[in-house]
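Before any comments, here is the structure.
Nothing in this text is a laboratory measurement; each read-out follows from the coordinates by a stated rule. Owing to the predicted nature of the structure, the values given are computational and were not obtained by experimental measurement. Every residue, glycine among them, receives a Cβ derived from its backbone with ideal geometry; neighbour counts consider all protein chains shown.
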Amino acid sequence: MKIKPFKLERYYTLYEFTAEYSICNSDCEAMTTNDLLALEEGAKEKFLNQWLGYTETKGNPELRRDITAIYDNISPEDLMVFTGAQEPIYVFSQAVLEAGDEVIVQAPCYQSVQSVPESMGCKVLNWMVKYEGNKPTFDIDDLEKLITNKTKVLYLNTPHNPTGFHFSAAEQKAVIDLARRHNIVIFSDEVYREVEHKYEFAIPGFGDVYENGVSLGVMSKAYGLPGLRIGWIATKNAEIMEKVAILKEYTTICNSAPSEFLAGVGLRNRETILERNLSIINENLPLYDAFFEKYADLFSWYRPNAGPIAFIKMNFEQDDMAFAERALKEKKVLLLPGGIYDYPGYFRIGFGRKGIPEALAKFEEFVVENFRK
Ligand SMILES: Cc1ncc(COP(=O)(O)O)c(C=O)c1O
């Protein structure tokens, strides 16, 4: 089966660079190469002398050593570096799944975890979010009901795009116990990890604590360095790692050497970068709190405890795609409508970037002019 177009990435391709304002981006504030290099003495000089030959397929060994700092039980051999997070989702799925396998996906979701398995002839079952009031939850009994003897992979995403839901340590343990009982591989997309709003909300990577777990990490979101296109998977399962390595030789072979160097600088200075990005998040969140309190008749939100995104419920009759189109046309503000996730009546917001106060003010103008007359 031919793979479906990726609705969210199509949407961003069309609008991201033409909109003047955005309240929907999922990455934290980016920085220049110069600012990144300034975080480490001597890094600029080393970068200019970076050798531009091929790098190791698994990723530069030094970079892999730097990545292990994010985990407790992961060593450099348990890591494979990729181009962003999208490539490993594709490669993992192609390497591990076969037609006829069943997979379970936390939904709504970042589309590739549905569309890639579907295109291979796998059956994709959605573990749907449930809203308790405004609060998104994923019910573990619902998950258990979806499991059959054909279930091969459970795709998770925590903190979750688009709802902002994040597993607690107890929920994580319950999901792992269930997967272990049924011998299911967990592919856990953790691209929004490391910007938990309080330290106590942090949980281990699934690849760190489950023998058949694969954690997906990236420089794009919490670190705000998507232009590097550096991501990775972390797993203790050597069989999966081997299958993935064989397939990567058909996609990118190895990573960009300058990007690997720069990602290493970012990771060795992760505390500085993550603290900066968390402080941007903490400045933006009260603005959204105030906004959604003021317009509580129109919108409902649940403030997540981790990550830079949340999903907003529209409390009035209006097609979310048309609503976003109008906001863009009238005020040049980009929103991400729920229709993009096949989950209408909502839109996604982001709070990791510096331009949120201006963008939110423009969005407020749009709301007042159209819904407060
Ligand atoms: C949940 C999730 N996974 C993966 C990706 C892809 O990340 P990257 O752009 O680094 O390839 C995204 C990007 O938005 C995402 O939201």
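Given axes a ≥ b ≥ c from the Cα gyration tensor, I'd like to know whether segment 72-185 is rounded (a/c under 1.5), prolate (a/b larger than b/c) or oblate.
rounded
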What are the semi-axes of the equivalent ellipsoid of segment 221-296, taken as the square roots of 5 times the eigenvalues of the Cα gyration tensor, listed largest first and rounded to whole Å? 36, 17, 12
How far is it, in nm, from the label point at LYS44 to the one at GLN318 when both lie 7 Å from their Cα along the line to the Cβ? 4.8 nm
List, in the order given, every pair from LYS236/LYS313; LYS58/LYS152; LYS329/LYS354 whose Cα-Cα distance in the structure shown is over 31 Å. LYS236/LYS313
Where labels lie 7 Å past Cα in the beta-carbon direction, separation of ASP297 and LYS2 in nm: 4.8 nm
For a quick check: sort CYS24, CYS122, CYS254 by the number of other beta carbons within 10 angstrom, fewest at the front. CYS254, CYS122, CYS24
Tell me whether the chain comes out rounded, prolate or oblate; compute the Cα gyration tensor, take square roots of the eigenvalues as a ≥ b ≥ c, and use a/c under 1.5 as the rounded threshold. oblate
Run the quick spin-label model on ALA170 and PHE17: label points 7 Å from Cα toward the beta carbon, then report their separation in nm to one decimal. 4.8 nm
Summed side-chain charge close to GLY345 - residues other than GLY345 whose Cβ falls under 11 Å, Lys, Arg +1, Asp, Glu -1: -2
The local net charge around ASP66, scoring Lys/Arg +1 and Asp/Glu -1 for residues other than ASP66 whose Cβ lies under 11 Å from its Cβ, equals +2
Run through segment 163-246 and list the trypsin sites (Lys or Arg not before Pro) located in a DSSP loop whose Cβ has at most 10 other Cβ atoms within 10 Å. LYS198
Excluding residues fewer than 8 places away in the same chain, name every one of the aspartates and glutamates whose C-alpha is closer than 14 Å to that of LYS4. GLU118, ASP342
Given axes a ≥ b ≥ c from the Cα gyration tensor, I'd like to know whether segment 108-252 is rounded (a/c under 1.5), prolate (a/b larger than b/c) or oblate. rounded
